[in-house]
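Note sheet for the following structure.
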Amino acid sequence: MLRACLIGLVVAVTIAPQSAFGIAGFSGVASEGQPVEEELGWPAKIVDLVNDAVRTVGWNFWFSECPNDVNHYAFAAKNTDDLNRLIKKLAATKAKGMTVQLSLGKEFPAGGFAFLKPGNGIPAVVAFGNQVTINQWYSHLEEIEPGVRKFGVHRYTEPPKAMPPMLTIYVEHAEVDLARLEIPAAVNVAASVSKAEREKRQDDEALKAIDRLLERRQRASELR
């Protein structure tokens, strides 16, 4: 669902910059030191992760006409123990598709259109969707024929599935030690590394460390 809305943002900005048919932005959903209340439609126990002691701010990226159900929360983890605690709380949600994503970089990437600014020093961010919000959005879509609803070029016969919880860790942050991460078998692990990054940084230790972790996971999976 988020992918469809991001495509809409690109079209609005690149094809019709003078008369964009959609608008986009960010809304703050959490402040440092302030607890967040659980929302209807959140994965079970995700609020425990959201309210971890090292969580700083949270935001929602929105695009007009989209369900805008995905929230992001930043964590100023000070060591690998902090990260392992976050991973343990992620696993406790038992959400289908929950994932730890490993990404190159020393912090959350902050470009020209981002909630966080360069130099944010954030080594981990969790994002997840809200199925109740998506269901409500879906119910208001135009029904173009019995059982079929329309959103732009997309056609749906049922509400899209909400984004499962994804904890992204920026592995080049000084406090991240991939060799010490404790990721339960029930949690998926993925690498967010583009083909271009692989070609450019094939000899970098950070990339090698990601690959070693993925290889260990694969071997452990084959033994189960």
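In this label model, residue 208 and residue 135 are separated by 5.0 nm, measuring between points 7 Å along each Cα→Cβ vector. Exposure proxy ranking for 49, 223, 178, based on other Cβ atoms within 10 angstrom of each Cβ and starting from the fewest, stands as 223, 178, 49.
Using a Gaussian network model of the chain in which every pair of alpha carbons under 10 angstrom is joined by a spring, one finds that among 78, 208, 195 the greatest mean-square fluctuation is at 195. Among 160, 67, 123, the largest mean-square fluctuation in a Gaussian network model of the chain (Cα springs under 10 Å) belongs to 160. Ranked for footprinting exposure by Cβ neighbours inside 10 Å, fewest first, 140, 173, 154 give 140, 154, 173.
Straight-line cross-link reach from residue 161 at under 26 Å between alpha-carbon atoms covers these lysines, not counting any fewer than eight positions away in the same chain: 45, 88, 89, 94, 96, 150.
For residue 117, the lysines whose Cα falls under 20 Å of its own Cα, not counting residues fewer than eight places away in the same chain, are 78, 106. The relative contact order of the chain comes to 21 percent, based on Cα pairs under 8 Å that sit 6 or more residues apart.
Taking every DSSP bridge with both residues inside region 2-223, close to 70 percent are antiparallel.
Every number here is computed from the coordinates shown, using simple stated rules; none is lab data. Just so we're clear, the structure is a prediction, and the values are computed from it rather than from any experiment. Using ideal geometry, Cβ is built from the backbone for each residue, glycine included, and neighbour counts are taken over all protein chains shown.
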